[in-house]
Amino acid sequence: MGIGKAAFWTLEALRSVVFLVMGLFVLGAVERPLTDGKELAPIQMLLLLAANLAVLYVLHRNKFALRRFYRPAEKKKLSAAMTAVLLGFAFVSITIIAVA
């Protein structure tokens, strides 16, 4: 493996980790008023994490994976049906957590 390829994979991994961490921080800040700062049960935390990851996956595939400065996009945009299913799951999950 050459230096260029190693640098490419390092930058790709760093970009993915930064996107994941920043996305979870932003979604956590947005969802904090919905949970009223109360203690969540482990199953509620897992449900909230799954909803957050679904939203981040949709954002990544529909926006960020299509725009790369250093190479052409490799992933196609999600279909409208799959986007609706994932965002619907996230909405229902967050609503369940907010109500419970």
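No lab work stands behind these numbers, since they all come straight from the coordinates. Not measured: the values here are computed from a predicted model. So basically every Cβ, Gly included, is an ideal-geometry build from the backbone, and we count neighbours across all protein chains shown.
Key figures
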item: Lys pairs under 26 Å by Cα in the chain, provided they are eight or more residues apart or on distinct chains; result: 7
item: Stretch in the chain that is longest and holds no chymotrypsin sites (Phe, Trp or Tyr not before Pro) that DSSP places in a loop and that have at most 11 other beta carbons within 10 Å; result: 1-68
item: Span-rule helices in the chain, defined as complete DSSP H runs reaching 27 Å or more along the axis (Cα) with Kyte mean at least -0.5; result: 3-35, 80-99
item: Potential lengthening between Ile43 and Val17 on full extension [0.36 nm per residue; Cα-Cα distance subtracted]; result: 6.9 nm
item: Spacing of the two label points (7 Å from each Cα toward its C-beta) at Ala84 and Leu53, in nm; result: 2.5 nm
item: The chain - charge dipole about Cα centre, Lys and Arg +1 at Cβ, Asp and Glu -1, debye rounded to 20; result: 620 debye
item: Over the chain, volume per residue of the alpha carbon convex hull, in Å³; result: 118 Å³
item: FRET efficiency, Phe8 to Glu31 (Cβ-Cβ, R0 22 Å, nearest 0.05); result: 0.05
